[in-house]
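Below is one structure, written out as structure tokens; comments come after it.
The values are calculated or read from the model by the stated rules, or taken from the named source; none is laboratory data. Computed from a predicted structure; not experimentally measured. All Cβ positions, glycine included, derive from the backbone under ideal geometry; neighbour counts span all protein chains shown.
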Ligand code: TYD
Ligand code: MG
């Protein structure tokens, strides 16, 4: 006699519970538990679980580490430098990548572009969301022609594997994992059990055949990839596509990568003909002005191993209401409060009763502490209503006592600033020590904010 087993899963974080509960103890969400059929238990299903499939004859044997030969798995070259950089080189054979992002951000577009541009590789693009016609229209918009890209509109994994056997593609793209369903699980597509089971099947396929798989995944309101957290543990790489839908720039980041660095970032621009790579981000992130304006300072930041110059803007004005407002776009609000407290307490600038708004250009989010000095300078510039000269930039962290602290990769930051025609860069004196610079850019080494202030505004 087979017995149907069900479990309740939190649809937000994937935690399971034997009983229904209203408030998830793991993620704190309310009313997210849904009952799902886990498996139809048959008499010997348990037995199979322990014997590794068919009674153990196919089980792997332990091998001495020194005896394992490193087969040089050539990575598949990716057309496009930004994606290649984020992946840490090309696509690793047999790897499985989860690609998340908000609806409408451009996930399908980026994946279709990849499929169209991989000319010497057979690609199977499986879509459970859009019709063949819709994909064709998008491909026309992108304007790249290829004769090695197959489109399959399907959501049953059994059918998909059948087609894969016929076509034998070199890369499989799934759009999206939430639309797939497998016979092995009973619940509806998009549920935690289905998503996990389908991923497990794709994972097995990727590892057994060495075919790389990209899966698009939707994300929930609070930015996590929908479905269980275990999904992120199962895959090799997790990519995130971010950006403001109202801005044209999109950022591609790896939040997990078994084959590369996670600090790299790719920048794209959404255009009429699909996503275009931004290869010189510093140039577009700085507004070209006729004359210098107060409240603007340029920060020499690092995103991964790439130096980027970003415009930081600040607006300081007398509070219109009793409580002063603080608002930050693209920067941590708590860090802004900290910088304001340092300016107030350590440096004697009266900002306590002022509204302070800051903004980083292009909808970018920056976590590099080297942005501190540029922000502080922009705030002071707006407060004094005195402009910072245009060809000046900053790269230093600000400490709690108002000291200017050194930052990493100073040589790369200075080189980028020089390349873009900057004439002066403010850095920490600690960075200046032991650094001998040969270029033409003037390096101003400071130890305290007051020094920067008098060097800028006299
Ligand atoms: P899409 O790739 O469908 O997003 P996702 O799969 O992440 O939901 O992208 C949708 C948006 O991109 C849509 O609002 C239209 C816009 N877009 C362009 O601006 N230019 C283009 O060439 C394409 C294909 C889409
Ligand atoms: Mg899509």
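Go through the residues of the stretch 160-167 one by one and say whether even a single one is free of Cβ contacts under 8 Å to residues at least 40 places away in the same chain, more than 24 Å from residue 9 (Cα to Cα) and within 16 Å of ligand 1 (Cβ to nearest atom). Taking every residue of the stretch 160-167 in turn, none turns out to be free of Cβ contacts under 8 Å to residues at least 40 places away in the same chain, more than 24 Å from residue 9 (Cα to Cα) and within 16 Å of ligand 1 (Cβ to nearest atom).
For the stretch 227-271, the set of residues classified as closer than 17 Å to residue 200 by Cβ, in contact with a strand residue (DSSP E or B) (Cβ under 6 Å, 6 or more places away or on another chain) and modelled with pLDDT under 90 consists of 232 only. How many residues does the stretch 83-115 contain that are away from ligand 1 (no atom under 16 Å from the Cβ) and touching a residue at least 24 places away in the same chain (Cβ under 8 Å)? The qualifying residues number 11.
Considering each residue of the stretch 291-312 in turn, none proves to be over 22 Å from residue 367 (Cα atoms) and free of Cβ contacts under 8 Å to residues at least 40 places away in the same chain. More than 16 Å from ligand 2 (Cβ to nearest atom) and not assigned by TED's automatic domain parsing to the domain that holds residue 189, is that true of residue 87? For residue 87, the condition - more than 16 Å from ligand 2 (Cβ to nearest atom) and not assigned by TED's automatic domain parsing to the domain that holds residue 189 - is not met. If you go through the stretch 113-148 and pick out every residue that is closer than 19 Å to residue 81 by Cα and within 12 Å of ligand 2 (Cβ to nearest atom), you end up with 0. Filtering the stretch 272-282 to residues that are in contact with a strand residue (DSSP E or B) (Cβ under 7 Å, 6 or more places away or on another chain) and away from ligand 1 (no atom under 16 Å from the Cβ) leaves 281, 282. Scanning the stretch 66-76 for any residue that is buried (at least 18 other Cβ atoms within 10 Å of the Cβ) and either assigned to a helix (DSSP H, G or I) or touching a helix residue (DSSP H, G or I) at 6+ places or on another chain (Cβ under 6 Å) (or both) turns up nothing. Residue 436 fulfils the conditions (1) surrounded by 15 or more Cβ atoms within 10 Å (Cβ to Cβ); (2) without any contact (Cβ under 8 Å) to a residue 12 or more places away in the chain except for a single criterion, (1).
For the stretch 116-156, which residues satisfy the criterion of being without any contact (Cβ under 8 Å) to a residue 12 or more places away in the chain and either buried (at least 17 other Cβ atoms within 10 Å of the Cβ) or not in a loop (DSSP other than H, G, I, E, B) (or both)? Passing the criteria: 133, 134, 137, 140. State yes or no: is residue 90 crowded, with 20+ Cβ neighbours inside 10 Å, within 22 Å of residue 202 (Cβ to Cβ) and in contact with a strand residue (DSSP E or B) (Cβ under 8 Å, 6 or more places away or on another chain)? No; evaluated as a whole, the condition is false for this residue.
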